[in-house]
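Q: The structure is given below, and queries will be raised subsequently.
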Amino acid sequence: MDTVETNSIADTDTTGDDPLQDLTDEQLYQLVEETLRANDVLCVQTQMFEKYLNRVEPRDPGTGIASHASTPGAGIREDRGMNRKRSKSRGSNMDRSLKLTAEQKCDIAQREIEELKEEIDKLKEESENVLDTYKAIMEEADMRLSEMKKESYEFERDISVGSVNHRTNKVIAEKCMRYFDDKLRARDTLIEKLRLKNSTLKVQKKKLMLQLKQKEEMGEVLHEVDFNQLKIENQQYLEKIDERNQDLLRLKLMTANTLQVLNSYKKKLHVLTMESERLDSEISSREEMQTKIQAETKVVETERAKAEVINRKLRKQLANFKVPEVMEYVVEKSDLYDIQKKVKSWERKVDIAEMALRTHRKTWHQMQMGSAGAAQWREMMEV
């Protein structure tokens, strides 16, 4: 092999047909980077194909020989085994025939993706189971811790403090034994309850298993195709639910807007109703005022009519009135003065007569009182 390689290198040096000599350093760097990326892609593809072959053609652990199966890799491996026996002149043609097509690569990648999804689902289920077990263990530990705290508190309360003899400062053994007996009886009753519950759950489990077997016998059990169909329907229903949720959100926004508008209109309506009530009260008050004014106008009209009649009479009297002479006025005035003097004198006489009447009445009353006292005195004396 070394001699062949040295000969090939010498041939290339002598002929000068090496295509890399004409490239610059940057081009060589880009070529190296591209080849590294291509090598990385090929490594990933080979790893994926190796996983695929290991899964499809599991090797015998004793011999390390792969079992032949009708897979895309089986023919490729046989062709590679035959290729080692052939000459180097036909190696390039065989390398072309050994390469995978794009469809085969896509098929292998799709199967690997499905396998990875299944592995991820299994890991999720396992992790969920582990989490459930840890949660159950933690809940059980919390319950046991709370029970232990409760029991320690009750023991301290009932035994360490409550059952101490005040004379000897020692715990009474009878109370302690009674406490432990009560706790053991309570634990036995709890065990019996749990046993009964476990038996009922076992009976329910048997019934469910029988129902499942009957469904399997009758063909009512769902298969993978049914599950896929149900998944598709579930996806469709979820899309419909999302659409309905979007519609619901839109309707909620519309209702919020309508509520805002309704509240504004309610406020306006409240203001307008208050204004209408005020106007109604004002109208009623104005109507009352109008009725009062109408009644007053009627009264005034009647008074006006009476006043017009009086006015007409007075106008007639005024028209027919004649002014007396001056001497008649003087005589009438002197007569008036004389009459006023006489009235004053008579008023004085009346005042004097009233004063005399009051004095006479007073004396008369005193006389009556004196006569009544004398009569009483006579009666007393006669007795």
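The values are calculated or read from the model by the stated rules, or taken from the named source; none is laboratory data. Here the structure is a predicted model, which is why all the values come from computation and not from measurement. Ideal geometry is used to build each Cβ from the backbone, glycine not excepted, and the neighbour counts take in all protein chains shown. SASA here: full protein model, heavy atoms, side chains in, ligands and nucleic acids out. Shrake-Rupley method; radii C 1.70, N 1.55, O 1.52, S 1.80 Å.
Q: Return only the number of the condition from (1) at pLDDT below 80; (2) surrounded by 10 or more Cβ atoms within 10 Å (Cβ to Cβ) that ILE65 does not satisfy.
A: Result: ILE65 passes all but (2).
Q: Could you tell me whether any residue of the stretch 129-148 is in contact with a strand residue (DSSP E or B) (Cβ under 7 Å, 6 or more places away or on another chain), of a type in the set (S, T, N, Q) and either within 30 Å of GLN47 (Cα to Cα) or surrounded by 10 or more Cβ atoms within 10 Å (Cβ to Cβ) (or both)?
A: Within the stretch 129-148, not a single residue is in contact with a strand residue (DSSP E or B) (Cβ under 7 Å, 6 or more places away or on another chain), of a type in the set (S, T, N, Q) and either within 30 Å of GLN47 (Cα to Cα) or surrounded by 10 or more Cβ atoms within 10 Å (Cβ to Cβ) (or both).
Q: What number of residues in the stretch 178-208 are among the aliphatic types (A, V, I, L, M), closer than 26 Å to SER160 by Cα and open to solvent by less than 90 Å² (accessible area, probe 1.4 Å)?
A: 2
Q: Identify the single condition in (1) modelled with pLDDT of 90 or more; (2) surrounded by fewer than 10 Cβ atoms within 10 Å (Cβ to Cβ) that LEU318 does not satisfy, given that it satisfies every other one.
A: Tallying (1) modelled with pLDDT of 90 or more; (2) surrounded by fewer than 10 Cβ atoms within 10 Å (Cβ to Cβ), LEU318 fails exactly one: (1).
Q: Still on this structure, I have one more. With respect to GLU126, determine if the residue is modelled with pLDDT of 90 or more, open to solvent by 90 Å² or more (accessible area, probe 1.4 Å) and under 29 Å from VAL44 (Cβ atoms).
A: Working: modelled with pLDDT of 90 or more: yes; open to solvent by 90 Å² or more (accessible area, probe 1.4 Å): yes; under 29 Å from VAL44 (Cβ atoms): yes.
Taking the combined requirement at face value, the residue satisfies it.
Q: Right, another one. Considering only the stretch 153-166, I want to know if a residue exists there that is modelled with pLDDT of 85 or more and open to solvent by 80 Å² or more (accessible area, probe 1.4 Å).
A: Yes, some residue in the stretch 153-166 is modelled with pLDDT of 85 or more and open to solvent by 80 Å² or more (accessible area, probe 1.4 Å).
Q: Condition (residue is at pLDDT below 80, more than 42 Å from the chain's Cα centre (by Cα), surrounded by 10 or more Cβ atoms within 10 Å (Cβ to Cβ) and in a helix (DSSP H, G or I)) applied to the stretch 112-120: is it met by at least one residue?
A: There is no residue in the stretch 112-120 that is at pLDDT below 80, more than 42 Å from the chain's Cα centre (by Cα), surrounded by 10 or more Cβ atoms within 10 Å (Cβ to Cβ) and in a helix (DSSP H, G or I).
Q: Go through (1) at pLDDT 90 or above; (2) open to solvent by 90 Å² or more (accessible area, probe 1.4 Å); (3) of a type outside the set (Ser, Thr, Tyr) and name the single condition VAL383 misses.
A: So the condition that VAL383 fails would be (1).
Q: Is it the case that some residue within the stretch 219-241 is free of Cβ contacts under 8 Å to residues at least 60 places away in the same chain, surrounded by fewer than 10 Cβ atoms within 10 Å (Cβ to Cβ) and in a helix (DSSP H, G or I)?
A: yes
Q: Right, another one. Can you name the residue in the stretch 167-177 that is open to solvent by 90 Å² or more (accessible area, probe 1.4 Å) and not charged (D, E, K, R) and, of all such residues, is modelled with the highest pLDDT?
A: Step one: of the stretch 167-177, the residues open to solvent by 90 Å² or more (accessible area, probe 1.4 Å) are 167, 169-170, 174, 177.
Now restrict to residues that are not charged (D, E, K, R): 169, 177.
Details: ASN169: 73, MET177: 85.
Among them, the one singled out is MET177.
Q: If you scan the stretch 158-171, which residues turn out to be more than 14 Å from ASP182 (Cβ to Cβ) and out of contact with any strand residue (DSSP E or B) (no Cβ under 9 Å at 6 or more places or on another chain)? Explain how you work it out, then say what you get.
A: In the first step, residues of the stretch 158-171 are kept if they are more than 14 Å from ASP182 (Cβ to Cβ); the result is 160-161, 164-171.
VAL161, HIS166, ARG167, THR168, ASN169 - these are the residues of the stretch 158-171 that are more than 14 Å from ASP182 (Cβ to Cβ) and out of contact with any strand residue (DSSP E or B) (no Cβ under 9 Å at 6 or more places or on another chain).
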